[in-house]
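> Would you mind keeping the following structure in view while I ask a few things?
The values are calculated or read from the model by the stated rules, or taken from the named source; none is laboratory data. Because the structure is predicted, anything quoted here is derived from the model rather than measured. Quick reminder, even Gly has a Cβ in these numbers, built from the backbone with ideal geometry, and neighbours come from all protein chains shown. Side chains included, ligands, DNA and RNA excluded: accessible areas come from the protein's heavy atoms. Shrake-Rupley method; radii C 1.70, N 1.55, O 1.52, S 1.80 Å.
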Amino acid sequence: MLASEGIKRVELGRDEFEKRVWEWKEKYGGTITNQIKRLGASCDWTRECFTLDEQSCYRGIYYTSRKMINFSRFLT
């Protein structure tokens, strides 16, 4: 999305970046979940959460860094 607009993440600022993340999640989040379900994943879907959600199951567990992480080392 940003690349097509010629914008870099750091040029947006945190609030605008987070707003766009939520827009992306609303648009594509359900698609990703449905694909995982169609593949036959037997997850406890009642515990599904998004890391930026205020009520996230990851609150206080994940950490921030200069690098993007895909999982928390504390959950393993």
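> Label points 7 Å out from Cα along the Cβ direction at L2 and D15: separation in nm?
1.7 nm
> For region 1-45, just the Cα atoms, rotate onto the principal axes and tell me the three extents in Å, largest first.
40, 20, 14
> What trypsin sites (Lys or Arg not before Pro) in region 1-38 are in a loop by DSSP, with at most 16 other Cβ atoms within 10 Å of the Cβ?
K8
> Next up: I want the local charge near M1. Using Cβ-Cβ distances under 10 Å, sum +1 for each Lys or Arg and -1 for each Asp or Glu among the other residues.
Taking every Cβ under 10 Å from that of M1, the sum is 0.
> Would you kindly state how much longer the chain becomes between D53 and Q35 on full extension, computed as 0.36 nm times their sequence separation minus their alpha carbon distance, in nm to one decimal?
4.3 nm
> Now a separate question. On the accessible surface of region 1-45, probed at 1.4 Å, how many percent belong to carbon and sulfur atoms?
52 percent
> Here's another thing I want to ask about it. Would you calculate the separation in nanometres between label points at K27 and C43, each defined as 7 Å from the Cα along the Cα-to-beta-carbon direction?
Taking the two extended label points, one gets 2.1 nm.
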